[in-house]
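A.B. asks: I am attaching a structure below and will ask some questions about it afterwards.
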Amino acid sequence: MSSHGEPIPMIARRSGPLTGVAEVPGDKSISHRSLILGALAVGETRVTGLLEGQDVLDTAKAMQAFGAEVEKRGDTWHVHGVGVGGFAEPEGVIDCGNSGTGVRLIMGAMATTPVAATFTGDASLNKRPMARVTDPLALFGARAYGRSGGRLPMTILGARNPLPVRYATPVPSAQVKSAVLLAGLNAPGETVVIEREATRDHSERMLAGFGAEVSTEITPEGRVITLRGRPELRPQTIAVPRDPSSAAFPVCAALITEGSDVLVPNIGLNPTRAGLFETLRDMGADLTYENMREEGGEPAADLRARFSPDLKGIEVPAERAASMIDEYPVLSVVAAFASGKTHMPGVRELRVKESDRIDAMAVGLRACGITVDEGEDWWTVHGLGHGSVPGGAITQSRLDHRIAMSFLVLGFATQQPVRVDDGGPIATSFPIFEPLMTSLGADLAREA
Ligand code: S3P
């Protein structure tokens, strides 16, 4: 089932060539953060290019429930913030739908304000681990009462007299890092987060943009991020860049679909997000960066992806995992069309995303005739080469947008069509996926 309605069965058939310009929506990570930091600033933040996917809309609703005014006028979202420490106690339950980023960042943002809030989500989110966030929030003095195993629904009592925290993240997670930093905003003194592996740094960049004192030092322990608490955040005007994780789908579709040539303009290449594109180039993909430039202090380019019949399987460096963690499902699809094995180590985190993404992809790929080996924190796809992938199965999206889109991309180049039991979850991050892919020439449809 999709998170907000009846299942939407979909079918992708062998397509080609995919051509044209793919204008993908705004970055999901940056969209959530714009709304949350806008709600914590004093005055009006204006946001254009916001991703209007269900995940982000759920965060907008949550910010209203905590007392911020959030409304869209024309193309611009206006967020009237209540200031750091100014969150009101929500009257109802905060439903974050499918969004781990939404719930974990909001828990952090409210954990050092003396209000109580109860959080819930859909069947996928209510299975995901929250202790990774509530453990460090307890160090600030917040208390969490949830279901067994640290699952939602969960009530958080924000700390009345929060203490600053020094916390080394035990898992490579930008969500955990961001929750601690957001909690640190309303704690006196300095809050420090130490991460051994670099994860996406949008929170650090945006906190600095809103006027917080935040610094990152590279040390032998890892990246040490220090935030001075109780700043007055100044409202910002934010143009959300396009999402590299959404760009991944038209890019990968073009690489495996005969005759394709697709331009995906204006994609951020922040090194903490761009691991997939590097990996595809290592596999021999015809993927070029055109018009390289800086946008809002970040490297950006237009991506040009052309059909690449001679892709080769590779060993994906484990240290690259955090910079492409959301892209492994669609990478595994490209790997099926490469010659030889693609081995993906160091990816334990894939097991606790919107679904267990290793299992979800392995089951569906096997049903489509591809051999996949897996362990707790690795998997290997045995590529069959271009033109040789059978397809012909009904795959399960398991309430996971990226699994649904990955299997549909697979179907553009398999011998037999690939079906997905429910394309509904795609709306959480890429609501225009279907018309956009169809406009490029993809044979994609809903089934009755
Ligand atoms: C996100 C961080 C990643 C990613 C998610 C978005 C973020 O999760 O998978 O889609 O915006 O901080 P983790 O930080 O848990 O790896």
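A.B. asks: If residue 111 meets every condition in (1) free of Cβ contacts under 8 Å to residues at least 40 places away in the same chain; (2) hydrophobic (A, V, I, L, M, F, W, C); (3) under 26 Å from residue 148 (Cβ atoms) apart from one, which number is that one?
C.D. replies: Checking residue 111 against (1) free of Cβ contacts under 8 Å to residues at least 40 places away in the same chain; (2) hydrophobic (A, V, I, L, M, F, W, C); (3) under 26 Å from residue 148 (Cβ atoms), the one that fails is (1).
A.B. asks: Something else about it: If I go through the stretch 228-266 residue by residue, how many of them are open to solvent by less than 10 Å² (accessible area, probe 1.4 Å), more than 16 Å from the ligand (Cβ to nearest atom) and not in a loop (DSSP other than H, G, I, E, B)?
C.D. replies: 9
A.B. asks: In the stretch 183-201, what count of residues is obtained for those that are touching a residue at least 40 places away in the same chain (Cβ under 8 Å) and either charged (D, E, K, R) or open to solvent by 10 Å² or more (accessible area, probe 1.4 Å) (or both)?
C.D. replies: 7
A.B. asks: Looking at 304, 281, 273, 348, which one is touching a helix residue (DSSP H, G or I) at 6+ places or on another chain (Cβ under 8 Å) and in the same structural domain as residue 442 (by TED's automatic domain parsing)?
C.D. replies: Working: 304 fails: touching a helix residue (DSSP H, G or I) at 6+ places or on another chain (Cβ under 8 Å); 281 fails: touching a helix residue (DSSP H, G or I) at 6+ places or on another chain (Cβ under 8 Å); 348 fails: touching a helix residue (DSSP H, G or I) at 6+ places or on another chain (Cβ under 8 Å).
Testing whether each residue is touching a helix residue (DSSP H, G or I) at 6+ places or on another chain (Cβ under 8 Å) and in the same structural domain as residue 442 (by TED's automatic domain parsing) leaves just 273.
A.B. asks: Collect the residues in the stretch 147-167 that are in contact (Cβ under 8 Å) with a residue 40 or more places away in the chain and within 22 Å of the chain's Cα centre (by Cα), keeping them in residue-number order.
C.D. replies: 152, 153
A.B. asks: Still on this structure, please answer the following. With within 30 Å of residue 427 (Cβ to Cβ) and either within 16 Å of the ligand (Cβ to nearest atom) or open to solvent by less than 50 Å² (accessible area, probe 1.4 Å) (or both) as the only criterion, which of 367, 305 stands out? I'd like the intermediate steps shown before the answer.
C.D. replies: Details: 367 fails: either within 16 Å of the ligand (Cβ to nearest atom) or open to solvent by less than 50 Å² (accessible area, probe 1.4 Å) (or both).
Of the residues listed, the single one that is within 30 Å of residue 427 (Cβ to Cβ) and either within 16 Å of the ligand (Cβ to nearest atom) or open to solvent by less than 50 Å² (accessible area, probe 1.4 Å) (or both) is 305.
A.B. asks: I've got another one for you. Would you confirm, using the coordinates I've provided, whether residue 14 is outside the structural domain of residue 181 (by TED's automatic domain parsing) and among the basic types (Lys, Arg)?
C.D. replies: On the way: outside the structural domain of residue 181 (by TED's automatic domain parsing): yes; among the basic types (Lys, Arg): yes.
Taking the combined requirement at face value, the residue satisfies it.
A.B. asks: Can I ask one more? Which residues, taken from the stretch 314-342, are more than 23 Å from residue 408 (Cβ to Cβ) and of a type in the set (Asp, Glu)? I'd like the intermediate steps shown before the answer.
C.D. replies: Narrowing the stretch 314-342 to residues more than 23 Å from residue 408 (Cβ to Cβ): 314-315, 317-323, 339-341.
Within the stretch 314-342, 315, 319 qualify.
A.B. asks: Still on this structure, please answer the following. Checking residue 143 against (1) basic (Lys, Arg); (2) over 24 Å from the mean Cα position of the chain (by Cα); (3) within 15 Å of the ligand (Cβ to nearest atom), only one condition comes out false. Which one?
C.D. replies: Tallying (1) basic (Lys, Arg); (2) over 24 Å from the mean Cα position of the chain (by Cα); (3) within 15 Å of the ligand (Cβ to nearest atom), residue 143 fails exactly one: (3).
A.B. asks: Restricting to the stretch 16-25, name every residue that is touching a helix residue (DSSP H, G or I) at 6+ places or on another chain (Cβ under 8 Å) and either within 27 Å of residue 178 (Cβ to Cβ) or open to solvent by less than 50 Å² (accessible area, probe 1.4 Å) (or both). Let's see the steps before the verdict.
C.D. replies: Of all residues in the stretch 16-25, those touching a helix residue (DSSP H, G or I) at 6+ places or on another chain (Cβ under 8 Å) come to 18-20, 22-25.
Those that are touching a helix residue (DSSP H, G or I) at 6+ places or on another chain (Cβ under 8 Å) and either within 27 Å of residue 178 (Cβ to Cβ) or open to solvent by less than 50 Å² (accessible area, probe 1.4 Å) (or both): 18, 20, 22, 24, 25.
A.B. asks: Here's a follow-up. Hey, residue 36 hits all of (1) within 16 Å of the ligand (Cβ to nearest atom); (2) under 15 Å from residue 241 (Cα atoms) but one; which does it fall short on?
C.D. replies: So residue 36 meets the others, but not (2).
A.B. asks: Which of the numbered conditions does residue 59 fail, given that it passes all the others? Conditions: (1) within 23 Å of the chain's Cα centre (by Cα); (2) open to solvent by 10 Å² or more (accessible area, probe 1.4 Å).
C.D. replies: (2)
A.B. asks: Residues to consider are 133, 176, 79; find the one that is within 16 Å of the ligand (Cβ to nearest atom), β-branched (Val, Ile, Thr), touching a Ser or Thr at 6+ places or on another chain (Cβ under 7 Å) and open to solvent by less than 10 Å² (accessible area, probe 1.4 Å).
C.D. replies: On the way: 133 fails: touching a Ser or Thr at 6+ places or on another chain (Cβ under 7 Å); 79 fails: within 16 Å of the ligand (Cβ to nearest atom).
Within the list 133, 176, 79, the selection yields 176.
A.B. asks: Which of the following residues is touching a strand residue (DSSP E or B) at 6+ places or on another chain (Cβ under 9 Å), over 22 Å from residue 245 (Cβ atoms) and either touching a residue at least 12 places away in the same chain (Cβ under 8 Å) or among the hydrophobic types (A, V, I, L, M, F, W, C) (or both): 373, 310? Walk me through it before giving the result.
C.D. replies: Numbers: 373 fails: either touching a residue at least 12 places away in the same chain (Cβ under 8 Å) or among the hydrophobic types (A, V, I, L, M, F, W, C) (or both).
From the options 373, 310, the qualifying one is 310.
The values are calculated or read from the model by the stated rules, or taken from the named source; none is laboratory data. Computed from a prediction, not measured in an experiment: that's the story for all the values here. So basically every Cβ, Gly included, is an ideal-geometry build from the backbone, and we count neighbours across all protein chains shown. SASA here: full protein model, heavy atoms, side chains in, ligands and nucleic acids out. Shrake-Rupley method; radii C 1.70, N 1.55, O 1.52, S 1.80 Å.
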